[in-house]
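What follows draws every value from the coordinates through simple rules; no lab data is involved. These figures come from a predicted structure and were not determined experimentally. Note: ideal-geometry Cβ built from the backbone for every residue, glycine included; neighbour counts use all protein chains shown.
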């Protein structure tokens, strides 16, 4: 194995150094490996006993070494064991550990002259473990050397002299055979062919490959990948093999082995195999071929690699699929899994083994494409897909286009074999993913979590916040399949410097200008309840898209994921009105969708916040009216005999006035709801439709498209007035400011300023997606009746927005992320992670008045 | 907030001596949360009226971060009735403004101190939890004549109903010292809230200020309970914060369960324990363990080798940990029991592999459509050999006089099932997941409506589950 100056080892391996004490292992390790790659028994002894020579600490030291090694191998890191390892039992342990993590065990033997070791050892005063030790180790080593292959080591390197050791210049780490990460595609991955040559050629042509002398190339540089099971059952196994071999050799195709291919190889190698499951057809057909061809087939099948990892690790192809922890690893177990999958040990009603559903538990990032089990229709489950559509059983031959994720297939020309398990598609069932998503896993949401997002980088969810969110989600939230989005919190503008105002448009415009934004959209802010509305054309649209049955044509939920309406019927009746308007406005056709998710405000405030109004706002008004009214009366009486109370009287008269304004302020947002048309829905974002999250469109686009729908039913739908403001144009700013003044003078809540683009970033990252500027009178509801008294207002003006703004950005990034994952049809847990994250972040303590 | 005291004693101006406040001045007294003003609207030979006007600083109220951590939520929101109502702030102002009078001293006319005089008190707005009946219970035994007027929440919206605020007028012939001590204690009792942390010293204050009259007051227990009201826990506050504009019925307030809770609930738990003992279960998971009452019963049985309590409420788990004295158990006992936060709407590997699962009065707290997830989590994934589920029997509700038809026993119940509904559900699950099921009633049985509680006991028919479990004990 050792070339003159270089040693080759697999890039992911467990390198076991073996040699007597003082044979030079540690020096060698330090020279050729990173310090963190070396797990040394001496060091472990020192860690557990403060003495690296303590033999009493050996047991604990080896436990520690094993533990560290296990963690490293799990993480896919090459590890070097620096210990004597002259005893078979010690080496066995390492081989077992390597197998457990599916890495290749490698041994480097330091077979040094005994004299040399003894001499070196004598020079080390700290080691006095008896004269017999080194000779014993040397003899143990020499007896073992020839068994190393049998013990399971894949690479064995033996060094016999210090000169040989010194001659080694480098240890070269060879990529594993399955590592095709640099092959980035695009690919066309083809399911189980089973000798169906004609269909294969049709499919390849349909994929627009061009053939020259048996080599299929694609103008766009696409390559073919075969998931294995080329042979058996079908009519033209040799032709299929020929095509695949030719193209693999030419570099235009890749192929992984299937169980049928492996069995055929066994037969060709003269092993005793049961001839069944269509092997006979292969045999009969191959016998007619030349011996040279058969030899070529043998070589080819023997050289197939269990699985491939393509495209920087984003794509894995294996015949029967592959668990995440086995991706890019090498062991007998990996090979077996790749070819046979896993079974539960049970037998199903058709007498076939029940397969263990590894894909249901798959949480990896890589897409796994496989075949092996015929299915009526390929379906995604947790980023895995089975594309064996049973061509040989009269089904179809299917290819998956990567990275497009498109399926292309051709029908079988006839049924070549009869399947034991019927291949009919069950109509009306939820998709595999949707069925799987009926139940989410707790471990995906609890504890500290980090959610990767496209726009906001990594967002950390703290454990204590997850605890609160879990309770809210479990006790109050609706079916999580509906929850594709929770709205982010919104920060107010910086505090105004103007007398009498806490908020004023200037600061919002200044913020955006300084963030590098040139154009903003101002939208009137409605005072109601923030809701997310999902509407489908019909129940079937909901079933198709959300995997929800018997819960109506949609839902309306609050910012914490609860039902907005207490009664299902009211909700559905209300949604019918929205649905009508969408139909009439041609929305569904224009957007080529059968459903929509809207972000909206639903009024009146009193409809949802009734108990809050009664126990808090109304109550404060009632208490203040009584209390201050009587105080004013008493003060007036006192003033007639004592002028010293006049000041106090004036103060209380002001309070009386403020109380009246406070009551007026909240009353504005209250009206009784007796019928559906007493509700007013003001949508402001078209969050998502089929295949699209509309976060790349400007807010003007959103407003215009929503307006078209609202016009169809002005009785319940409210188009929000808005203005577009050029931040470099003083007149434009003045106009918007005046607009805000007039809105708030009429008692309006105020307005929201958003950057023209939905997602706005600058050098520092995301810019606030929206900033609210609330009116003077409205703020009485938030800060209390007396907040405008100068002594109060001046103190209220010192408020910090940092926490709120940071929260707003994180929640916004999570919200968008959830939507995008949903429309990409990712597993629900990936969407839920975002939604749960927003809820968890919302439990962070932030001044609720902001 | 305004407190008015009027004296009809002759000469009326004696009141000013008793209170130690000159009638021609406007007195200003700093209190912790603002200023108290004292002034006299009327001073004549026949009538003397004094006002204590409490000017609470609403901004300071929120900003001040005194008191133990978390206390800033005790009075909830930022739009607050505290500046406008008689509350513990008023008690604090009384004790500060009229400290001399309260201690029974009067420098100029000491002979007046112990003389009962005709007095009238008006509280402009006082919140009373429990309404008129509570006021009567508190003040009538002390000899007061009561006149009270309740105010609507908002006259523009009559449908919002009555507020909890009253204008309260009390008349009595009583010493000023007693009057003030009555108000000092009974105002916060009416309100049933405190603006500060209640600790050990509160008990002493109550005993000292009420020593002359509280021991003989017929409502003394009620008074003490409310006066010494404890804080809501921090965990609850986190919840309140999250749901800030979607008020949830507070458990304590929302509880309308009319049964004689203690006896019936104990009975239910004993029935569940008996089933688990009989099933020969060695490991049990209590799903929705709440404060750990069932776990406590099970811990006493040696048969149970491992007990896992799960609840979604972190606060309940904290209480359970306390009640089960987990910190004080011997290591061997401690190893038998574990508490975890978890949810019945998420699959959880930690609850898989138990001999038995108990869900005592749990399913009715889930929205009915969410039961689909619960069913899968328990019967498809966790797969215990036995599952015991109890839930209210809705038919029995008509035996409760105070429940309107269709009303449920608890404000957080999302549904309550009749016996037929429960059995239909159970039968479907048993069929779907290969379990056998028997139904039992818990509590005294009524020939027409059955018992208060119904119970279903599921047992798996899948022998491999049982066998695997059995082998895993390492026994033959």
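Observations on the model:
- Kirkwood Rh in Å, taken over the stretch A:449-499 so that all alpha-carbon pairs contribute: 14.2
- Alpha-carbon Debye profile of the stretch A:727-808, log10 I(q)/I(0) at 0.14 Å⁻¹: -0.67
- Pairs of Cα atoms in chain B fall into 20 Å distance bins, from 0 up to the last occupied one, in shares of 20, 40, 27, 12, 1, 0 percent.
- Value of D in µm² per second that Stokes-Einstein yields for the stretch A:236-311, Kirkwood Rh from Cα pairs, at 25 °C (0.890 mPa s): 188
- Enclosing the Cα atoms of the stretch B:256-475 in their convex hull gives a volume equal to 122 cubic angstrom per residue.
- Of all DSSP beta bridges confined to the protein assembly as shown, the antiparallel ones make up roughly 65%.
- Alpha-carbon centroid distance for the pair the stretch A:492-542 / the stretch A:371-393, whole angstrom: 47
- Inter-chain shielding of B:338-350 (mean C-beta neighbours from other protein chains, 10 Å cut-off): 5
- By the Cα gyration tensor, the protein assembly as shown has an equivalent ellipsoid whose semi-axes, rounded to whole angstrom, run 71, 39, 34 from largest to smallest.
- Nearest-ten-degree value, helix A:568-584 long axis tilted from longest Cα axis of chain A: 90
- Protection proxy ranking, highest mean first, for peptides A:666-673, A:173-180: A:666-673, A:173-180, where packing is the per-residue count of other beta-carbon atoms within 10 Å, averaged.
- Distance histogram for the stretch A:228-382 (every C-alpha pair counted, 10 angstrom bins, percent rounded to whole numbers): 10, 37, 35, 17, 1
- The stretch A:605-661: C-alpha gyration tensor shape, a/c 1.5 cut-off, then a/b vs b/c: prolate
- The mean of 1/r over all distinct Cα pairs in the stretch A:779-850, once inverted, gives the Kirkwood hydrodynamic radius of 14.5 Å.
- Semi-axes of the equivalent ellipsoid for the stretch A:471-533, Cα gyration tensor, largest first, Å: 33, 15, 11
- The protein assembly as shown: calculated mean residue ellipticity at 222 nm from DSSP helix runs of at least 4, using -39500 (n - 2.57): -10500 deg cm²/dmol
- Evaluating kT/(6 pi eta Rh) at 25 °C and 0.890 mPa s, with the Kirkwood radius of the stretch A:1-123 over Cα pairs in the Stokes-Einstein relation, gives 165 µm² s⁻¹.
- At 1.567 mPa s and 4 °C, Stokes D of the stretch B:294-395 from Kirkwood alpha-carbon radius, µm² per second: 88
- Value of Rg/Rh across the stretch A:576-640 [Cα atoms, Kirkwood radius]: 1.49
- Debye intensity ratio in log₁₀ form over the Cα atoms of the stretch B:287-326, taken at each q of 0.22, 0.26 Å⁻¹: -0.63, -0.84
- Cα-Cα pairs of the stretch A:443-596 separated by more than 28 Å (percent): 43
- The share of Cα pairs per 5 Å bin across the stretch B:2-196, counted from zero up to the longest distance, runs 1, 7, 15, 19, 19, 15, 12, 7, 3, 1, 0 percent.
- Highest average first, the peptides A:655-662, A:31-38 ordered by how many other beta carbon atoms sit within 10 Å of their residues are A:655-662, A:31-38.
- Surface/4 of the Cα convex hull for the stretch B:128-224, nm²: 7.1
- Partner shielding of A:436-447 amounts to 5, given as the average count of beta-carbon atoms from other chains within 10 Å of each residue beta-carbon.
- Note on the stretch A:192-272: Cα Rg divided by 2.2 N^0.38 Å, N the number of residues, gives 1.11.
- Rg/Rh, computed from the Cα trace of the stretch A:290-390 with Rh as the Kirkwood radius, has the value 1.02.
- Scaled against the 2.2 N^0.38 Å expected of a compact globular protein of N residues, the Cα radius of gyration of the stretch A:523-601 reads 1.09.
- Cα shape, the stretch A:726-767, gyration tensor, a/c 1.5 rule: oblate
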